[in-house]
Protein chains: 2
Amino acid sequence: MAVERREIDRIDRELLPLFLERMGCVERVGELKRQAGKPVRNAAREQEIIDRVSRQAGEMGQSAAEFYRAIMAISRDREHNLMGGDPDLLELEQRANRELQSPGKVVCQGVRGAYSHQAAERLFPGAEIGFVPEFHEVFREVSEGALGVVPVENSAAGSVTAVYDLILKYRFYIVGAVDIRVEHCLAAAAPGEITRVLSHPQALAQCSELLSREGYETEDYSNTAAAAKAVAESREPGLGVICSEDAARRYGLTILRRGVQNVRNNTTRFVAVSREAVLPVDASKISLCFSLPHTTGSLHSVLRRFAGSGLNLTKIESRPLPGRSFEYDFYLDFTGCIHDPSTLNLICALKAELPRFSFLGNYSELSTEEEI
Amino acid sequence: MAVERREIDRIDRELLPLFLERMGCVERVGELKRQAGKPVRNAAREQEIIDRVSRQAGEMGQSAAEFYRAIMAISRDREHNLMGGDPDLLELEQRANRELQSPGKVVCQGVRGAYSHQAAERLFPGAEIGFVPEFHEVFREVSEGALGVVPVENSAAGSVTAVYDLILKYRFYIVGAVDIRVEHCLAAAAPGEITRVLSHPQALAQCSELLSREGYETEDYSNTAAAAKAVAESREPGLGVICSEDAARRYGLTILRRGVQNVRNNTTRFVAVSREAVLPVDASKISLCFSLPHTTGSLHSVLRRFAGSGLNLTKIESRPLPGRSFEYDFYLDFTGCIHDPSTLNLICALKAELPRFSFLGNYSELSTEEEI
């Protein structure tokens, strides 16, 4: 193998100077485009080059096409570095508050002791927390200046997409996030035999193995914490509840069994939502939403930029856009700070190239581990 | 700009033969590795090359590193093409049934008229459909030979991840998929003023704007179709229900308003699950699950393969693995057929390189459009 490796090293010594020379040309083209106010990407010219090299490479055509797609993507990045960035994003980065003002009001959906309440307390320790019965009321309160805390996964009120839809609709910003461990317990007003169990249907479903094994009757309730409250107030013998330990303690119930959900290690992610952008200098996570045409490699070419900039994705989720069969929305989180020039540059480049693009926020994330 | 473009074309004429020569060397190395039973990837050697070119390229270091990462990824693909593939996957591709045997029994969770029921009827027209009260009972029936129909999004019984967890736990296969449009209507036993509305809490939440605007009282029910049945049987004046049109019609209710959910174009995806793999020759969608280390660019390097092979992703979702802060599970769907040698090759290459990898199935997807 040593012979082949020396041969590869020799080829690399010739390849690299050519590549660097090509990048030099690309930078001059980029400067000319900038002066002429032309966009970085010239899809027709790129396709022409790819078609040509595929033809020339014969049975290596697919590999050669990939090789050139990579070269041109790297070239576009260099050009974007010269372009100066998106004025709206540059202004936002400059003008947004660097710190969250002490919140006048924090609002979440549900009742005291719900997982939302735990999340709000973790995110805003000591803040006054208000409760509204409906999900969309949280957003109305935020539009009037409150901070909202909403679940973005595993939630009964909707999947991540419904929350993101609302954030986008209202043009709000994400200003914090926390994972809350969903650990259900079985509790009752007093020790003794259980025959009937109250809870939210999702919590009952999450504990279905226990419930069917024990043959308990079940009754749906609007909310796990509200069910705990009802059980505490009724004191009916044989009546149990599936809720968080926090809710059980809050309503003075006896915990009969812990960790009764079917699946271990279940967490729900909550985000804090604000009308105003807040971009702390030590923020470490960025959320974006964008749509992509359903063409081969379009997502890949976006992710390439993150990999190239050394930024780690921490979440990615796609959603087909109803009624537009070949377009997708993407929700993407990655580690980074918008005040870092290369990260700001990357976000500006994405905004310039993607048909629909929203910067949702840059914030710190509380880890689950801190909670335990 | 013409001068620079001619210059770029001239450089490309020199770059391409070098690249092709390098690929020739790589194929010889691949053949030697295959004979010696060595793995394709040699991460240490790759890093050594990247470090060297980054140094040599000076301020273009990052671009040069990306250039070489791309070259080496393309090289690995060529090598994998020579390796022969994963024996288990090759055997599965050969031995699995090409057609779904006429199903003895199709099982879904819920009651007649539920969205699951609609999905089961679309997937298996004319089949006998059974209903079980709990989600996990569907899986038990499938382990005894039935076909199961389960929601993988927007579901109250759990998010996509809970269903995928169960599919993985039981080592089942996905053998079909369909999107069902979730269009709630407001219905009642007879025309007239409504004061109180029954439904599943998720459906009530999805229609919260209407409900709060009209000031209706609400009452939770285990299931939208079960709520429709209850309203039909009670015939209580002023009692309404939020359910599908299908459920309203099935229980002889009067539809008062259509499309009452807050968000338009809401769909839920259902999959058919089987104990045995079924790999039709005209299957068009492949589902995979795998985990990735949280290193920069690891997802990108997986997606690059799909882009390079001209395969389109139709879904991607990440999930952090609880307790392992730097590892993620990915759920990924893409268009393709395992009987196509290059697609089989790609799947084998992923299985060889990724620490945990599951092939979940290759099936046809019924589109939402067909439904309308």
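Miscellaneous remarks
- Scan the range A:228-244 for residues that are part of a helix (DSSP H, G or I) and buried (at least 18 other Cβ atoms within 10 Å of the Cβ) and the total you get is 5.
- Exactly one residue out of B:ALA225, B:ALA203, B:ALA247 is within 12 Å of chain A (Cβ to nearest Cβ) and either closer than 18 Å to B:GLN118 by Cα or assigned to a strand (DSSP E or B) (or both), and it is B:ALA203.
- Filter pass, A:ARG213 being of a type in the set (D, E, K, R), part of a strand (DSSP E or B), open to solvent by 50 Å² or more (accessible area, probe 1.4 Å) and out of contact with any Gly (no Cβ under 9 Å at 6 or more places or on another chain): no
- Considering the range B:170-196, and only residues there that are among the charged types (D, E, K, R) and in contact (Cβ under 8 Å) with a residue 12 or more places away in the chain, the residue that is most open to solvent (accessible area, probe 1.4 Å) turns out to be B:GLU193.
- Top-ranked residue in the range B:76-105 [being open to solvent by less than 30 Å² (accessible area, probe 1.4 Å) and of a type in the set (A, V, I, L, M, F, W, C); ranked as farthest from B:LEU147 (Cα to Cα)]: B:LEU89
- Each residue in the range A:130-148 was checked for being more than 14 Å from chain B (Cβ to nearest Cβ), within 14 Å of A:VAL273 (Cα to Cα) and out of contact with any Pro (no Cβ under 6 Å at 6 or more places or on another chain), and 6 pass.
- Applying the criterion of being of a type in the set (D, E, K, R) and modelled with pLDDT under 90 to the residues of the range A:260-303, the residue that is most open to solvent (accessible area, probe 1.4 Å) is A:ARG264.
- Selection within the range A:120-154 - at positive phi and more than 20 Å from the chain's Cα centre (by Cα): A:GLY126, A:GLY145
- Residues of the range B:106-130 that turn out to be surrounded by fewer than 17 Cβ atoms within 10 Å (Cβ to Cβ), in contact with a strand residue (DSSP E or B) (Cβ under 6 Å, 6 or more places away or on another chain) and not hydrophobic (A, V, I, L, M, F, W, C), as a count: 1
- Residue, farthest from A:GLU219 (Cα to Cα), within the range B:216-227, restricted to residues that are open to solvent by 60 Å² or more (accessible area, probe 1.4 Å) and touching a Lys or Arg at 6+ places or on another chain (Cβ under 9 Å): B:GLU217
Residue-wise test of (1) in a loop (DSSP other than H, G, I, E, B); (2) in contact (Cβ under 8 Å) with a residue 24 or more places away in the chain.
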site	(1), (2)
B:GLU93	no, yes
B:LEU100	yes, yes
B:GLY113	yes, yes
B:ALA119	no, yes
B:PRO125	yes, no
B:PHE131	no, yes
B:VAL142	no, yes
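- Filter result for B:ASN81 (more than 8 Å from chain A (Cβ to nearest Cβ) and either in contact with a Pro (Cβ under 9 Å, 6 or more places away or on another chain) or of a type in the set (Lys, Arg) (or both)): no
- Tally, over the range B:317-341, of residues that are modelled with pLDDT of 85 or more and either facing chain A (nearest Cβ under 7 Å) or assigned to a loop (DSSP other than H, G, I, E, B) (or both): 5
- Residue check for B:ARG28: open to solvent by 60 Å² or more (accessible area, probe 1.4 Å) and within 7 Å of chain A (Cβ to nearest Cβ): yes
The values are calculated or read from the model by the stated rules, or taken from the named source; none is laboratory data. The shown structure was predicted, so the numbers you read here are calculated from the model rather than taken from an experiment. Backbone-built Cβ (ideal geometry, glycine too); neighbour counts: all protein chains shown. Surface accessibility is based on the protein's heavy atoms, side chains included, excluding ligands, DNA and RNA. Shrake-Rupley method; radii C 1.70, N 1.55, O 1.52, S 1.80 Å.
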